[in-house]
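Worksheet for the structure shown next.
The values are calculated or read from the model by the stated rules, or taken from the named source; none is laboratory data. Predicted model only: the values in this text are computed from it and were never measured. Reconstructed Cβ throughout: ideal geometry from the backbone, glycine too, with neighbour counts over all protein chains shown.
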Amino acid sequence: MSSWICDGVPKDGNSYPNASAHEPYENTSPDCVICGLPKEAMQPSTKVPRKTVYVGKPNQKNKQSQWLIPAIVVVALLAAGGGFGLVRLLTSDRSSTPTPSETTTPTSAPVVGGFASENATNGQLLSQGEKILLDPTSEKQAGADAFANKDWDGAIASYQKAADNNPNDPEGRIYLNNAQARKAGNPITIAVAVPITPSLDSAKEVLRGVARSQEEFNQSASGRLLEVVIANDAGALQSASLAQDIIDAPDVLGVLGHGIDPGSQQALRKYQSAGLAVLSPLTISVETSGQSTLKTIPIDQKANELFGSYLQAVSKTLTDYANKNVSPLSVVVFYNSDSAYSEQLKEQLVKAVPQVRGQLIKEVDIMDSGFNADTEIANAEQNGAKVAFLALSKNKVPQAVAIATANAGTASPLALLGGDELYNADILVQGGDAIQGITLAVPWSFQPGDPFAQDAIQSWKGRVSWRTATAYDATKALVQAVSQDPNRAGVTRLLEAGITLTGSTTNFNIFNEVPLVKAVPGSGGPPGSKYEFASIR
């Protein structure tokens with residue numbers, strides 16, 4: 001489907017009661033991911049209005065595709081290249097004038113020292129430990145009950161049991177740290193917005209990095225301890241409202257998170273108008289000459305080169321690797337047209353193949369009604385394909401597994417390669433033997449000798465992903481600013497000037513060559529799988 005622009009204002013003469021005006025957004029699916037209006041609503045009509053059409057929230061398929069890159073890519077997708085000293089993760093070139101729906105409207109603020117969820121419009125999406133947002137257990141619920149009653153010793157005891165019973169759960173660890181900070185008194189507070197509802201696994205990976213950074217700070221702090229508010233950013237129309245709730249919590253001195261979708265853009269403008277610093281893919285830059293320095297920048301300082309540049313680097317890395325290992329290089333590209341990430345990665349791969357003298361056999365859209373993995377693999381092999389690029393988004397793991405399974409059943413299986421969206425536990429568990437050897441390009445890879453990787457094994461009783469590593473670095477930067485000058489104006493000033501990232505776990509030069517991992521037999525994978533992702537470069 002060709003792209004189309006929606007601003008939430010119907011132009012076809014029909015009435016859509018559930019739709020509302022929003023910033024123009026380019027869609028590639030039949031309905032707008034922001035307001036749910038169908039494509040035909042944007043087509044001007046001179047006819048008298050004929051009907052009323054009720055539109056709801058975007059469906060799950062479109063909601064998933066809004067998170068083009070997981071929310072806290074933050075510092076992982078940053079590098080200086082081609083003379084461009086500061087690489088900016090920013091919005092597309094649109095008007096910088098906020099729409100009426102983006103203005104910050106003061107609401108009744110909770111009492112200082114209370115919970116951010118008090119008096120919040122989206123109180124059920126916010127927690128410092130007084131409620132459970134993910135993976136409830138009896139120990140965690142007991143901790144939440146004690147926390148809500150400000151029984152810090154009880155909360156510490158229950159959340160400690162929860163952490164002991166499930167050391168891989170970041171939420172309980174954060175709430176344990178929060179209870180300890182509350183008991184010590186006068187904590188410094190930040191918030192992290194993660195996509196628990198649309199992408200639970202990604203949210204957990206981010207929270208693990210936040211929790212580890214929080215633990216390190218609190219264990220070494222001689223003064224005030226760090227408290228973290230977890231916010232479930234469900235995306236779409238809820239992000240801006242959630243941002244307002246965080247703004248109205250006076251103890252919150254800085255924010256980490258949100259994505260690059262239009263809902264996140266509205267949220268980020270609210271923070272900016274309120275003077276609350278936020279580290280997000282759309283609001284930071286990193287200068288990489290010498291030591292890496294992270295800075296915040298205005299959201300409307302427009303440039304959208306980064307996402308394209310990152311996908312170019314992924315495509316170049318994958319095609320170079322394929323060309324070195326498969327000869328002659330002939331490829332089939334699988335993608336899903338309901339995802340902007342998938343569409344753009346596919347386009348970059350198609351451009352990259354001829355640059356290494358490879359041959360593109362076919363582009364296969366798995367969203368086509370007649371798609372059949374067995375048929376497409378058989379056709380690709382019959383037409384001479386040696387490699388299959390899986391340019392699929394994270395919610396298409398079942399289809400990726402189907403392709404891998406069909407491929408494993410052929411006489412001469414194709415080499416399987418893909419991007420970071422397939423780097424998750426599900427593909428290892430569901431794929432079984434069929435995914436052995438699949439190679440993915442990710443912004444960070446597990447290195448056994450790396451101190452952070454070793455610490456992660458001890459802390460989380462298993463390997464962590466690049467999302468964890470980058471969230472860890474981003475949290476360290478934000479906490480450094482918050483602890484130096486614990487007020488909103490001071491934090492904003494420090495981050496605008498720049499924070500030097502010391503001891504960073506993140507490779508800031510990934511645009512030169514994105515790390516590759518391969519699924520190999522091993523005990524370091526998730527429960528239920530005999531495979532793990534191992535670094536191959």
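It is to be established whether one or more residues within the range 384-404 are assigned by TED's automatic domain parsing to the domain that holds Ala519 and at positive phi. Full working, then the answer.
Initial filter on the range 384-404 (assigned by TED's automatic domain parsing to the domain that holds Ala519): 384-404.
Subsequent filtering for residues that are at positive phi retains 384.
Yes, the range 384-404 contains a residue that is assigned by TED's automatic domain parsing to the domain that holds Ala519 and at positive phi.
Do you know which residues across the range 205-225 are surrounded by fewer than 24 Cβ atoms within 10 Å (Cβ to Cβ) and either modelled with pLDDT of 85 or more or not polar (S, T, N, Q) (or both)?
Within the range 205-225, Ser213, Glu215, Glu216, Phe217, Asn218, Gln219, Ser220, Ala221, Gly223, Arg224, Leu225 qualify.
Against the conditions (1) part of a loop (DSSP other than H, G, I, E, B); (2) crowded, with 19+ Cβ neighbours inside 10 Å; (3) not aliphatic (A, V, I, L, M), where does Ser337 fall short? Just the number, please.
Checking Ser337 against (1) part of a loop (DSSP other than H, G, I, E, B); (2) crowded, with 19+ Cβ neighbours inside 10 Å; (3) not aliphatic (A, V, I, L, M), the one that fails is (2).
Could you check how many residues of the range 366-408 are more than 23 Å from the chain's Cα centre (by Cα) and touching a residue at least 60 places away in the same chain (Cβ under 8 Å)?
3
Has the range 433-445 got any residue that is modelled with pLDDT under 90 and acidic (Asp, Glu)?
no
Which of the residues belonging to the range 324-375 are more than 30 Å from Cys32 (Cβ to Cβ) and in contact with a Phe, Trp or Tyr (Cβ under 8 Å, 6 or more places away or on another chain)?
Val331, Val332
Out of all the residues in the range 161-179, is one or more in contact with a strand residue (DSSP E or B) (Cβ under 8 Å, 6 or more places away or on another chain), assigned to a helix (DSSP H, G or I), surrounded by 17 or more Cβ atoms within 10 Å (Cβ to Cβ) and polar (S, T, N, Q)? Before the answer, list the steps.
Within the range 161-179, the subset in contact with a strand residue (DSSP E or B) (Cβ under 8 Å, 6 or more places away or on another chain) is 171, 174-175, 177-178.
Of the ones still in play, those that are also assigned to a helix (DSSP H, G or I) are 171, 174-175, 177-178.
With the extra rule that they be surrounded by 17 or more Cβ atoms within 10 Å (Cβ to Cβ), the set shrinks to 171, 174-175, 177-178.
Right, trim to polar (S, T, N, Q) and you get 177-178.
Checking the range 161-179: at least one residue is in contact with a strand residue (DSSP E or B) (Cβ under 8 Å, 6 or more places away or on another chain), assigned to a helix (DSSP H, G or I), surrounded by 17 or more Cβ atoms within 10 Å (Cβ to Cβ) and polar (S, T, N, Q).
Could you say whether any residue in the range 379-402 is of a type in the set (Lys, Arg) and either surrounded by fewer than 16 Cβ atoms within 10 Å (Cβ to Cβ) or in contact with a Cys (Cβ under 6 Å, 6 or more places away or on another chain) (or both)?
no
Grab the strands (runs of 3 or more DSSP E) fully contained in the range 184-262, keeping just those with 3 or more residues being touching a Lys or Arg at 6+ places or on another chain (Cβ under 9 Å).
So the answer is 252-257.
Read through the list (1) at pLDDT 90 or above; (2) surrounded by fewer than 24 Cβ atoms within 10 Å (Cβ to Cβ); (3) not charged (D, E, K, R), then give the number of the only condition that Ala277 fails.
Of everything listed in (1) at pLDDT 90 or above; (2) surrounded by fewer than 24 Cβ atoms within 10 Å (Cβ to Cβ); (3) not charged (D, E, K, R), Ala277 misses just condition (2).
Of the residues in the range 349-404, how many are in contact with a Lys or Arg (Cβ under 7 Å, 6 or more places away or on another chain) and assigned to a strand (DSSP E or B)?
2
Look at Val73 and say whether it is assigned to a loop (DSSP other than H, G, I, E, B), at pLDDT below 95 and either of a type in the set (A, V, I, L, M) or closer than 28 Å to Thr470 by Cβ (or both).
Against the criterion (assigned to a loop (DSSP other than H, G, I, E, B), at pLDDT below 95 and either of a type in the set (A, V, I, L, M) or closer than 28 Å to Thr470 by Cβ (or both)), Val73 qualifies.
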